[in-house]
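Step one of this worksheet: look at the structure below.
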Amino acid sequence: MLNQGDTLGAYDIHSVIGQGGFGIVYQGVHRELGATVAIKEFFPAEICVRHHQLVQPSKGEFHHPFEENLDRFIKEAKQLEFFRGNPNIVTCRDLFRANGTAYIVMDFIDGLSLSRLFQHRETKGAPFTEQDLMQVIGPLVNGLQTVHASDVFHRDIKPSNILIQRKDDSPVLIDFGAAKHEITRHTKSFAPYSDGYAAIEQIGEGDIGPWTDIYGIGAVMWRMVAGGNPPFSPPNPLASTHRAYKLMQGHEDPLPSAKQIGSGRFSDQLLCVIDDCLIVTPDQRIQDCKELQERLTSLTESNSSLGVIHSLRQPSHLSPDQATPIDASPHDQSNEALEPKLNGWRVLNVFLAIIGGFLILVSALGVWGIWYDHGINYGDDDDLALSIGTTLFFALPLCTLGLFLFSYGLPATRRRWYQPRNKIHPLQQSEPLHDSHRFRKRTLRTIYFLLSLLGIYVMSLGFGQIIGYIAFSVAPPNSLTFGLMISVILFSLIPFILGFFIFWGASKGLTKSRVDALQSDGEVP
């Protein structure tokens, strides 16, 4: 790491504030302005080394991931710039490259992390009250709402990443780490999440969204409530993977509910909100900050007359070195700027749904046209073979692709069918899967995915049969009697039902393949 007295651009290094697996944070001073700042250096310890002051990949194979994630680190700074006007989100003041790496200059926040504040208060027998909780969580939810509006997610909300400023007790959310999630593919010691505060979907391969940060907020609130309950020591929430595994076995949730541990000290309304934030299954959880804010509104109004919570303010004798402007925890996590959203829909998914619907319409018209034309001409066996071949190998595959794109574009069907990771299931506890396990996992997922497409194709076959028979019958001089219509419909139901069960089984297999692979390797508790 850099030493006291070293220079970085216009800044002199004063001290090291924190060091983790993905970077180092220094306290610096601007030589001309005299302003104290926090300087975050991109330094993924397991894939790079420092020669004098120069940072470079430790092996040739790490050159590409180092450069790729350095770009993500720079992207983080650009994201933080958007939130400069929000007092509860750490922001970027400057960004520059030097020493083979990059540095983000941020405001120096004079305060204590919420984790240290827990220790300080609970040691003195003064755990958090409901008023204390609301003064911390209320501003954080407001800040997160601004962040989520830009399609950015923090993904590592925990007490050590929340700073309480000494000047006014206001919270500041820190440690947006854009380069860390991908780096973990090349490391062994560090996980890009914090057990107990990470939602199930971010530990595996789940769909990340506002609901992921809501889980982290819920875990922080649970920790505040549990801190006043002596039997829970240390009062840290259980890992979501452990909870999911127990629930899958039919046991009760091993994590005591907020209502159990906070009854009598906190209002039932607040405790219910906390429990709803901590639901393991993502789509059953509180979905966004707006919903959470609405549910907390009545609590905020009832506590509005209480004023500043002076018990949060720290003793003035603490030195700046004891403050925690930035917590460079080894459990840092990246935040991703995802695709823009349109009225709760991702624009990409809207596009896929539209394209899928268009392909379904084209294929239906195609089947109709093929068999209507065949009914009019009523050609020989060669014409019949051509009509059947065109239907099976052109119109129905087109319909299959259309159904896949359309159902994937709809949020409800996408989560239910194509993202079984959103269902309760255990995943690895800390280390990433080994390469052999990862390959087996991906192979099984590919097989089940292909089976699901086969199921859709067989369902399309039943759908195409109905259209084809009707089109053929209305072409003169043929007619479709009522009895023949019933026979066609019943006969077409066979491939449709068969295809549905193939598709349903493949979707279930996507989930079961993960569980079996992890249990066989002893990676599930």
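The values are calculated or read from the model by the stated rules, or taken from the named source; none is laboratory data. From a predicted model like this one, the values you see are computed outputs, not experimental measurements. Because the Cβ atoms are built from the backbone with ideal geometry, glycine has one as well, and the counts that use them run over all protein chains shown. Surface accessibility is based on the protein's heavy atoms, side chains included, excluding ligands, DNA and RNA. Shrake-Rupley method; radii C 1.70, N 1.55, O 1.52, S 1.80 Å.
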How high is the FRET efficiency between Q119 and L365 when r is their beta carbon distance and R₀ equals 56 Å, given to the nearest 0.05? 0.25
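What is the sum of charges around V141, taking Lys and Arg as +1, Asp and Glu as -1, for the other residues whose C-beta is under 11 Å from the C-beta of V141?
Residues close to V141 contribute a combined charge of -2.
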List the residues of the stretch 132-155 whose backbone N lies under 11 Å from a point placed 7 Å from the Cα of R295 along the Cα-to-Cβ direction. none
Tell me which residues come under 5 Å, amide H to amide H, from A239 once H is placed; ignore anything under 5 positions away on its chain. G196
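Over the stretch 198-285, what percent of the accessible surface lies on carbon and sulfur atoms, probe 1.4 Å?
Details: 1430 of 3000 Å².
On the stretch 198-285, the fraction of accessible area on carbon and sulfur atoms equals 48 percent.
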Tell me the per residue accessible area of the stretch 69-181 using a 1.4 Å probe; a whole number in Å² is fine. 32
